[in-house]
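See below for the structure under consideration.
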Amino acid sequence: MSGRNIITRELSDSIRQCLGRKVKLTLKVLVKVETRGDKTENRVLAFASCRLFVLTAKVPTRVDQHFHYLDIQGIESRKPNQLCLTVCDRVYTYYTTHEENSSHEVDTMVLSLCTALKNIFPSVPLTHIIRKVEIQPPKRMQQLEELERATLGGTRDMGPCGGFSTQYMCMCDYHALPYREEVAWDVDTIYLSHDTRELYLHDFDYLEQKDLIPIISALEYNTWFRKLRASHSKLSHEAIERILHVVSKSLSLEEIYLDNIGAKAEFANKLSLALLSNSNIPLQKLDLSHNPLEDKGAIHISNPIGRQAKGLSHLNLSHCGLTGKGVNMLAHSLSVNKYMCQTLTFLNLAGNSLRDDVNNLYNFLAQPNTLKTLDLSATECAIDALFGALLRGCTSSLAQLILSRNSFGSKKSREMLPSFKQYFTSTLALKTLTFSQCKLPSDALKNVLLGLACNENISEVDLDLSSNHLGATGAQILESCIHGVRCLAALDISDNGLETQLGPVVAAISKNKSIKKLNIGRNLNSIKSKHVYHVMEAVVQMIQEEDCVLESLFINDSRLKTDLHNLLNALGSNHCLQNLDISGNYMGDSGARLLAKALQINSKLQYISYDRNNVTLQGYSDIAYALQSNYSVKFLPFPVHDAMLCMKTAPERTENIMRRIQDILYRNVSPMKYSNGQAFRLQQGFLLSSTQQQVDRLVLQTGEVVRTLRRSGSDLGGSNSLQWVEGLIADADNSKQLISHLHDVVLRRDDAGNPIETKLHQLSSDLYNVISNNLQDTVESMVRSAQDKCPNVLSEEKVVNDIRTACLAKSQLSYQLVESAIVEQAGSVILNKVNEVNLAVASTVSDRVIDEVVESLSKTCKNLQSGEGPRKRASTGTEMGGRERGSSESSTRSERSDTVSQGDDTTSQKSDPSPLATPQLPKRKSLHGRKLRPQSVVAESLDSVSELPSSCGQLQHLGKARPRRVKTRAPTRPMGRADLVEEDHDISEGVDTFFRPGSSTPTTPLISPDSENSPRLLKYGSTSSVESSPHTGGGRTGSERGSIESLTRSDSLARSESDVTRDSPRPHTKSRDTEEEDEEEEEEVSLEEKSSHSVRSLIGRQANEGMAKRSPDMSARKASTSSSISYADDKSRSEEDGKEDSPPRKIAGLHKMGIGGNILAEMKKIQEKRTSFQPKDDEKDKEEKKESPSSNLLAGVRLRSTGLADSLMSPTNGFPRGSGGSKSPNCNRDSCIDTSGQ
């Protein structure tokens, strides 16, 4: 070899200096290159890791040209010393400087090139990267094939994630972009640790768009990643082009998700060409949803779908702007491909307009297929034609059918085809059925429910009927059909406007023991508050049933406020609910307090959503305190809306409370054993709270009857029978503490040694031994494998023993870890469940024994009182069978009576305001009533109107009929007006007409017409005071008006009730209830009479003192104001009428004034006294007043109308009129009503 054919040291140094020290060269070869004609020049070929450099052979050297290995399109070597490279459609020919017959250098260059490509893309064949490789003779080609087989055989390490970092570095060099080390680290560390095969571009969206290009390009020949996801990313044109290039080259991409990237029909065309050009791509899932592809794009993409070699399993083209034309073309491609019916399991065409004819789609669905999920929501497709196709081809495998936001036809009279119901009857795999926002007709709803009810082949079905505006008709269908649909596991009837009908629907759902998840939210937003009570009672009754299987309840966004309190009170003892959503109900701090009370004793709830409830820091503090004693709640979504408001007022305190809540939730995630003592005590409290009083009462009654019988010496049933009764009383005393004794039985068994815990400890010991032996065997297997792979290094026994000793020390597992995992973690779950079962058994035993005690005591006491003697329970088969037959009826009656008695007890407690009153002994409540927490007094005071029962009367104004306080100070306002003092009206005119039997002046009732006394007042009549107006000739102060008004009210009420009571005949026979009501009425009347008489002396004196200061017109008032007092009053009135012109007398004996005295004479004296203080009118004015009687005083009286004028009558109706009754004809009904509206 001549020296000119060897690269000198100076040239090598110059090459290293020219390329830089970071470029690692694997081979440097001196070659000749043809320039012009037959002339050649020397060049140096420098092979780097991913690029070939051509440099000059002079010092200092320079780079003549360079190109990337991926730019090489072909390699040819037809002569032993010739190498031809095709780069970008241009051929470069190089000759070695050695002999022409020697191919060693050319083969070395080809092997170096192939080795570099294999190091970058170890799992891809060389022919897939370089399309054309032609080397003559074939023996030289065999050497390359052997090298390729050795590489693909796994002898070379590919690196993490299929050598992604190396491929990423190669692509950065190829695109002349900087290498980002964080990208390589994320993939090699995060992706590898998760063992994920999906490259998500969202993980690198913090980089610039150009930096995404090498990341995408690295997938071109990577076989580790099988999924490419670019969802919801705004990609540049270059990035999209690289995605298409990867699709055309990849050999491993199975799933491509390009949803919502802004792709249009042009992109669909390029994607179809890329898929058609790569026949080796194993594509299974394609997602192009939320891209405006339109029909043109669908037509483009249908070509590769129809030619897909192995078919697709997932196709999503939802919200792509397709119409019937594009969908028909797509469905035709699905039908043409013979593999689609066997592979396609997911098809989503939601959000596209399918109102036109889409027969191709229906034909594909009618073929036997393997579809598991079909989403046609918001497509306006023909429901009848769809279910006809589904019935023929999709009954065996379709599990999820989503048809939300589809109309069921515009014609109301259009009937559903039989195929609609038959599909639900014959489907075999249905799990999810969604009809949300479909305006579901009543017939369709009925067919769905009846079809599912008749299907015995499916179970655990999730039915979504939300936002269908079902209303009352739909509620009736649900109520009548839902209890028979046993295949349902979840039901969503939210936002259907059920309102008051929701209560019966919930009651019907409670009979269905297969529904575990129920959503009834947004149904009570427009309901009246008085109807919410019944709906919530049905919900509470449902979750309190012993056999309730409901695990999740969603009652969100219902704005229940305080109506949610009943549900919260029932959560404490609930044993079924695990998930609860009460968000958006504005329950406030009062609701949070009740929730906290429930959490202190609830041991089932695990998930609670309670945001948007107007809860403040006080409410969250209560919840945090309650969670300290709760070990079951594991997840409370952070209340973002309410917490934001709290952060504005007290950020530090809010942060502390929220941290406390999160710390407790973290504690609850760790399993631990709970004490069953609290549960037993809680159950005992439920039993004793409603049973003890009733059992004590029955025991007391029965014991008294037994003692009476023993004293009287009567022997109704013999001494043995009385002894049996006494034994029954002893059993009753013992039954009250039976559950505590049952608890002691469980504790004694645990103290003696719980066999479950013993078995768990034994199991942990056995498991530890098995684990230790397994680890030792694993170490020995590893050591032997290492000896087989590296026999030379591990030939010495000492090295092997050292390795074995070190491995055994590393493989030790502590016994405490195994014991903790078995006994504390798994054992805690098992023992907690066992404790729950023990509690259920003890409750059942105690409850049944107490029921038997109550029933036996009741019957025995009744028999002893009736003189029949005690009867022991018959044990014959006939009577036992009869008792069993009547058990269901009796239980129904008892539940009904328990509900009524519970409401009566609540009403009686509310109606009795005295805290010292003896509470009534309630009847034994049902288990539902015993486990409900009573209403809070604070809650009642906050919003008592909404909690009133609908059956009771309206609210009473208790202080409206109360007399006003007597004023002790003189009025500060002037007594009268100057312009009115001169007028001399006869105040007595019209008074007798006002109290005349035929007059029905509109009056104001004494008390509220909605009160209890209103029927009696409406029947017998009522009076009201006539307020003083400015036209009365003298101003009347407030105290005087109040005194006279109260005087008239009290007197009229007392007279009317006493007269009616005296004159009304008493019936001969009355029931007990009627007699008690009459006695109560008589007591009320007597109290009213006493109160009216006590007011007379107090108010009459002050009223007369005020009347003594008024104008002389008061002398004209006649006996009509007191026509209903007595006959003596009528006589004195007639005497005063005869003495109308007599001189005034001295007013004496004011202390005797009042309703019981001669009020007219006293009023006349006061009027005559007041004449001395007012100027006298001349005769002309008096004549004018006599000629115009319409200008009298009472013509200007304003009376407030109450609308009860036709039903009210004067209490003087039927009494004789006085002599002065005809002197004031102007005070009639018409004159009073004319001014009532002013």
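The values are calculated or read from the model by the stated rules, or taken from the named source; none is laboratory data. Computed from a predicted model, the values in this text were never measured in an experiment. Virtual Cβ from ideal backbone geometry, glycine too; neighbours counted across all protein chains shown.
Kindly evaluate S250 against the criterion of being modelled with pLDDT under 95, among the hydroxyl-bearing types (S, T, Y) and surrounded by fewer than 22 Cβ atoms within 10 Å (Cβ to Cβ). Spelling it out, it is not the case that S250 is modelled with pLDDT under 95, among the hydroxyl-bearing types (S, T, Y) and surrounded by fewer than 22 Cβ atoms within 10 Å (Cβ to Cβ). Among the criteria (1) over 21 Å from P292 (Cα atoms); (2) surrounded by fewer than 20 Cβ atoms within 10 Å (Cβ to Cβ); (3) of a type outside the set (S, T, N, Q), the one W224 does not fulfil is (2). Highlighted here are the helices (runs of 4 or more DSSP H) found entirely within the range 153-253 that include at least 2 residues which are out of contact with any Cys (no Cβ under 7 Å at 6 or more places or on another chain) and charged (D, E, K, R): 181-186, 209-217, 237-249. Restricting attention to the range 732-760, report how many residues are in a loop (DSSP other than H, G, I, E, B) and either surrounded by 12 or more Cβ atoms within 10 Å (Cβ to Cβ) or in contact (Cβ under 8 Å) with a residue 40 or more places away in the chain (or both). Selection size over the range 732-760: 3.
Pairs linking a residue in the range 448-470 that is buried (at least 17 other Cβ atoms within 10 Å of the Cβ) and modelled with pLDDT under 95 to a residue that is assigned to a strand (DSSP E or B) and among the acidic types (D, E), with Cβ atoms under 7 Å and 6 or more positions apart or on different chains, do not occur. The single condition among (1) within 30 Å of L577 (Cβ to Cβ); (2) at pLDDT below 85; (3) part of a helix (DSSP H, G or I) that Q662 does not meet is (2).
Number of residues in the range 351-398 that are under 19 Å from L430 (Cβ atoms), part of a loop (DSSP other than H, G, I, E, B) and among the basic types (K, R) equals 1. Kindly indicate whether L488 is buried (at least 23 other Cβ atoms within 10 Å of the Cβ), of a type in the set (A, V, I, L, M) and over 15 Å from A444 (Cβ atoms). The answer is yes for L488. Of the residues S102, S112, S123, the single one that is in contact (Cβ under 8 Å) with a residue 40 or more places away in the chain, of a type in the set (G, A, S) and in a loop (DSSP other than H, G, I, E, B) is S123. Taken across the range 1-15, residues that are closer than 22 Å to E134 by Cα and of a type in the set (S, T, N, Q) do not occur at all. S77 fulfils the conditions (1) surrounded by 19 or more Cβ atoms within 10 Å (Cβ to Cβ); (2) at pLDDT 90 or above except for a single criterion, (2). If you go through the range 187-221 and keep only what is surrounded by fewer than 16 Cβ atoms within 10 Å (Cβ to Cβ) and of a type in the set (G, A, S), you end up with just S193.
Looking at S856, S866, just one residue is of a type outside the set (A, V, I, L, M, F, W, C), without any contact (Cβ under 8 Å) to a residue 12 or more places away in the chain and not assigned by TED's automatic domain parsing to the domain that holds H575, and that residue is S866. The single condition among (1) at pLDDT 95 or above; (2) exposed (fewer than 15 other Cβ atoms within 10 Å of the Cβ); (3) not hydroxyl-bearing (S, T, Y) that Q628 does not meet is (1).
Of note, L763 satisfies the criterion of being surrounded by 14 or more Cβ atoms within 10 Å (Cβ to Cβ) and part of a helix (DSSP H, G or I). All told, L275 meets the bar of being among the hydrophobic types (A, V, I, L, M, F, W, C) and part of a helix (DSSP H, G or I).
Determine whether the range 556-570 contains at least one residue that is surrounded by fewer than 18 Cβ atoms within 10 Å (Cβ to Cβ), among the basic types (K, R), part of a loop (DSSP other than H, G, I, E, B) and within 17 Å of the chain's Cα centre (by Cα). Yes: the range 556-570 contains one or more residues that are surrounded by fewer than 18 Cβ atoms within 10 Å (Cβ to Cβ), among the basic types (K, R), part of a loop (DSSP other than H, G, I, E, B) and within 17 Å of the chain's Cα centre (by Cα). Just to be sure, is S410 over 20 Å from C487 (Cα atoms) and either part of a loop (DSSP other than H, G, I, E, B) or at pLDDT below 95 (or both)? So S410 passes the test. Listed conditions (1) in contact (Cβ under 8 Å) with a residue 40 or more places away in the chain; (2) outside any strand (DSSP E or B) are all met by V23, apart from (1).
When the range 449-484 is filtered for residues that are under 25 Å from the mean Cα position of the chain (by Cα) and of a type in the set (A, V, I, L, M, F, W, C), the ones remaining, listed by number, are L449, V461, L463, L465, L470, A472, A475, I477, L478, C481, I482.
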